[in-house]
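The values are calculated or read from the model by the stated rules, or taken from the named source; none is laboratory data. In this text, all values refer to a predicted model and were calculated from it rather than measured experimentally. Please note: Cβ atoms are built from the backbone with ideal geometry, for glycine as well, and neighbour counts cover all protein chains shown. Ligands, DNA and RNA are stripped out before the accessible areas are found, and what is left, the full protein with its side chains, is counted by its heavy atoms. Shrake-Rupley method; radii C 1.70, N 1.55, O 1.52, S 1.80 Å.
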Amino acid sequence: MKFSLEYMYKHPKSQLKIRFVSDPVSLQEAIFTANDLEKTGRISELIFIDTKGVTWTKKELLKLTEVKKEEPKEIRVFFDGGFLTESRMSGQGIIIYFSQNGINYRLKKNASFTNIESNNEAEYAALWSAARELEELGVQYEQVLIQGDSKVVIEQMKGEWPCYEVNLQNWADKIETLFKKLQIEPVYEWIARNENKDADQLVNQALNGKIIKAKKEVIDNS
């Protein structure tokens, strides 16, 4: 999550006061900038505004910094879903890359949701699985890059395409509600299928009855 600084600048040679609002910056940059500005002795009414429009004080941001030291950051999610019409089976695969305490990790997980009616719904179920896993990891107040090869899910979650199917809208609502609760800012990005091979493999394993959940340290999460 990023923060804009809003403050009143006091002119050194007159009674003139000017209000400034900065571009959004990271939590660390916001605190550093605030400290630097305060050294001038010419600012007052300093507040911070996050990307959701919520206002924070410097004291609250410093407390947030302490809380977030142990939490995952630099998070990237891949998701995929599949549905077999004949057997009515579905499979979901997710991969989450993140950094925690200076160490990079990769988490792989799959599932086989029941009562799925289409491939699009299987894709939504995969995204829901990813959202739940982020909650379990303790992710809060973070921007998360979410990548998948489902044009339908990505464009609908971005708000670019309408969603007319009630069951898909129900999944979308659940996902958005959970992200709002966690103060996660999702950034959705469509990728080609060949860029989503690992998540697709997890889907196929789920469809074959092989359920996986594994976390490992990685040297490079690119």
Exercise. Residues of the range 113-222: accessible area per residue at 1.4 Å, in Å²?
Worked result: 54
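Assuming a viscosity of 0.890 mPa s and a temperature of 25 °C, what translational diffusion coefficient in µm² per second does Stokes-Einstein assign to the chain, Rh being the Kirkwood radius over Cα pairs?
Taking Rh from Cα pairs, D becomes 127 µm²/s.
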For this session: Taking H placed 1.01 Å from N in the peptide plane, check which residues at least 5 places from ILE43 or on another chain put their amide H under 5 Å from its amide H.
Result: LYS10
For this session: Find how much the distance from ASN101 to ASP198 grows on full extension, using 0.36 nm per residue of separation minus their present alpha carbon separation; answer in nm with one decimal.
Result: 32.4 nm
Exercise. Which percent of the accessible area of the range 2-68 is formed by carbon and sulfur heavy atoms (probe 1.4 angstrom)?
Worked result: 56
For this session: Note down the magnitude of the dipole of the range 2-68 about its Cα centre, charges +1 on Lys and Arg C-beta and -1 on Asp and Glu C-beta and zero elsewhere, to the nearest 20 debye.
Result: 240
For this session: Of the options THR51, TYR7, ALA30, report the single residue whose Cα projects farthest towards the positive end of the charge dipole of the range 2-68 (beta-carbon charges: Lys, Arg +1; Asp, Glu -1).
Result: TYR7
For this session: Would you mind pulling out the separation of the Cα centroids of the range 121-143 and the range 1-74, in Å?
Result: 29
For this session: About the Cα centre of the chain, how large is the charge dipole given +1 on each Lys and Arg Cβ and -1 on each Asp and Glu Cβ? Please answer in debye to the nearest 20.
Result: 860
Seminar exercise, completed: Between ARG88 and ASP36, the two model label points (7 Å from Cα along the beta-carbon direction) sit apart by a distance in nm of 6.2
Problem set entry | the range 138-150 - phi-based ³J(HN,Hα) in whole Hz, Karplus 6.51/-1.76/1.60, Gly and Pro as x | x, 6, 8, 6, 10, 8, 10, 7, 10, 10, x, 9, 8
Problem set entry | Listed residue (LEU202, SER99, PHE78) projecting farthest to the positive dipole end of the chain, Cβ model | SER99
Seminar exercise, completed: Largest-first ranking of PHE113, PHE98, PHE32, PHE20 by accessible area, probe 1.4 Å, whole protein assembly kept, is PHE32, PHE20, PHE113, PHE98
Problem set entry | Accessible surface of LYS213 - all protein chains present, 1.4 Å probe, nearest 10 Å² | 110
